[in-house]
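A short write-up of the structure that comes next.
The values are calculated or read from the model by the stated rules, or taken from the named source; none is laboratory data. These numbers come from a predicted model, not from an experiment. All Cβ positions, glycine included, derive from the backbone under ideal geometry; neighbour counts span all protein chains shown.
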Amino acid sequence: MNSKKETDNSNISVIMVVYNEEKIIETCLKSVENIASEILVMHDGPCKDNTLKICKKYTNKIIVNPKNMGLPGPILPGLLQKAKGPWILKIDADEFLSPNLEKNIKKLAKNPNADAYLFKWLYRKNGKNITKNWPKKMALYRKSKAALLGFPHRDDPIVKGNIINTPYLLEHRPPREGMPTWKEYNEKVIKRYARVQAEWTLRNFKGLQKFPWDEKDYSGAIKLRRNFPLISAIPMAVLAFLKILFTDKAWKEGWPALRQALTVLIYYPYVGYLIYKLKQEKK
């Protein structure tokens, strides 16, 4: 990056956690190179393809994690701490800024009354968006207002301040488009993610990476899950279900939103059961 670009775009640091993404990462990097003062890339484990070679065309701020963690949550606090800009754009390799978002993101970062922004992050199938305004993703936020604990599936920080909903689209092109099949959901989310969530819920958080984080930020829900895993699971699942459909107004999106809401009615109770089971095994 030349010095002029550093000066012109000094308010946004882009952070990424990647793993062998040579087929998709360049589209992402091209979309942010003109709006970023710096691009920080963490490769989660040894690189087995040309991902690092591609990244070096856009940044020299690359870190290679010696061991693959498998989930970005535990890595992000350390990466966030290294970022120098007052604004953070957290983006994945299979995402990229839409032209309209790329054009306006600098204006968003100059708003003194904003602390974070939500962007449309739509579901796709057969090359077309199948939702219009949901889900939303908080990808741009003020570093000084963010708190992040290195917990799996907690990629979004807690932001204490004004979070603004926008009409801008953060494009998402995962290797497989569309909603996962129930079989895929069972294999990836239920059998893998749920167990990781349960195990980490019982961990001592003092040993986790964190970016300024206060215990009270997460302690309520986590303490409830730890102490009453079975009893708390049902109301938490129902609240998550209602949030998706009504607080997030996802009911307007039809079946994709309803299906996503239904999955939390399975996921939360199962995590509660696993926490209970792990506690029994430790006795």
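Based on this model, can you work out whether Glu215 counts as acidic (Asp, Glu) and modelled with pLDDT of 95 or more? Before the answer, list the steps.
Working: acidic (Asp, Glu): yes; modelled with pLDDT of 95 or more: no.
No.
Residues being more than 24 Å from Lys137 (Cα to Cα), touching a Cys at 6+ places or on another chain (Cβ under 9 Å) and β-branched (Val, Ile, Thr) are entirely absent from the range 28-43. I'd like to know if the range 160-168 contains one or more residues that are over 22 Å from Lys84 (Cβ atoms), touching a His at 6+ places or on another chain (Cβ under 9 Å) and assigned to a strand (DSSP E or B). No, because not a single residue in the range 160-168 is over 22 Å from Lys84 (Cβ atoms), touching a His at 6+ places or on another chain (Cβ under 9 Å) and assigned to a strand (DSSP E or B).
Within the range 17-46, which residues are crowded, with 19+ Cβ neighbours inside 10 Å and acidic (Asp, Glu)? Matches in the range 17-46: Glu21, Glu38, Asp44. Look at the range 203-236 and say how many of its residues are under 20 Å from Ile266 (Cα atoms) and not polar (S, T, N, Q). Here the count works out to 13.
With the condition being in contact with a helix residue (DSSP H, G or I) (Cβ under 6 Å, 6 or more places away or on another chain) and closer than 30 Å to Leu122 by Cβ, I'd like the helices (runs of 4 or more DSSP H) fully within the range 198-283 carrying at least 3 qualifying residues.
Counting at least 3 such residues, we get 229-242, 255-282.
Conditions tested, residue by residue: (1) in the same structural domain as Ile158 (by TED's automatic domain parsing); (2) within 27 Å of Pro112 (Cβ to Cβ); (3) among the small types (Gly, Ala, Ser); (4) touching a residue at least 12 places away in the same chain (Cβ under 8 Å).
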| residue | (1), (2), (3), (4) |
| --- | --- |
| Cys47 | yes, no, no, yes |
| Lys61 | yes, no, no, yes |
| Gly73 | yes, no, yes, yes |
| Gln81 | yes, yes, no, yes |
| Pro86 | yes, yes, no, yes |
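Applying the set (1) in contact with a strand residue (DSSP E or B) (Cβ under 9 Å, 6 or more places away or on another chain); (2) in the same structural domain as Ile88 (by TED's automatic domain parsing) to Lys128 leaves exactly one unmet item: (1).
Yes/no per residue for (1) exposed (fewer than 13 other Cβ atoms within 10 Å of the Cβ); (2) touching a His at 6+ places or on another chain (Cβ under 6 Å); (3) closer than 25 Å to Pro74 by Cβ:
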residue: Ala221; (1), (2), (3): yes, no, yes
residue: Ile244; (1), (2), (3): no, no, no
residue: Lys252; (1), (2), (3): yes, no, no
residue: Tyr268; (1), (2), (3): no, no, yes
residue: Val271; (1), (2), (3): no, no, yes
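Taking first residues from the range 138-163 that are in contact (Cβ under 8 Å) with a residue 40 or more places away in the chain and partners that are among the basic types (Lys, Arg) and in a strand (DSSP E or B), the Cβ contacts under 6 Å between residues at least 6 apart in sequence or on separate chains come to Ala139/Lys90; Leu149/Lys210.
Considering only residues in the range 47-81 that are under 22 Å from Gln209 (Cβ atoms) and among the β-branched types (Val, Ile, Thr), the one that is surrounded by the fewest Cβ atoms within 10 Å (Cβ to Cβ) turns out to be Val64. Take the conditions (1) among the hydroxyl-bearing types (Ser, Thr, Tyr); (2) out of contact with any helix residue (DSSP H, G or I) (no Cβ under 9 Å at 6 or more places or on another chain); (3) surrounded by 15 or more Cβ atoms within 10 Å (Cβ to Cβ); Ser144 misses just one of them, which is (3). Does the range 205-217 contain any residue that is in the same structural domain as Leu118 (by TED's automatic domain parsing), touching a residue at least 24 places away in the same chain (Cβ under 8 Å) and charged (D, E, K, R)? There is no residue in the range 205-217 that is in the same structural domain as Leu118 (by TED's automatic domain parsing), touching a residue at least 24 places away in the same chain (Cβ under 8 Å) and charged (D, E, K, R). In the set (1) surrounded by fewer than 20 Cβ atoms within 10 Å (Cβ to Cβ); (2) not in a helix (DSSP H, G or I), Lys103 fails one condition alone, (2). Pro180 satisfies every condition listed in (1) outside any helix (DSSP H, G or I); (2) closer than 24 Å to Leu80 by Cα; (3) in contact with a helix residue (DSSP H, G or I) (Cβ under 8 Å, 6 or more places away or on another chain) except (2).
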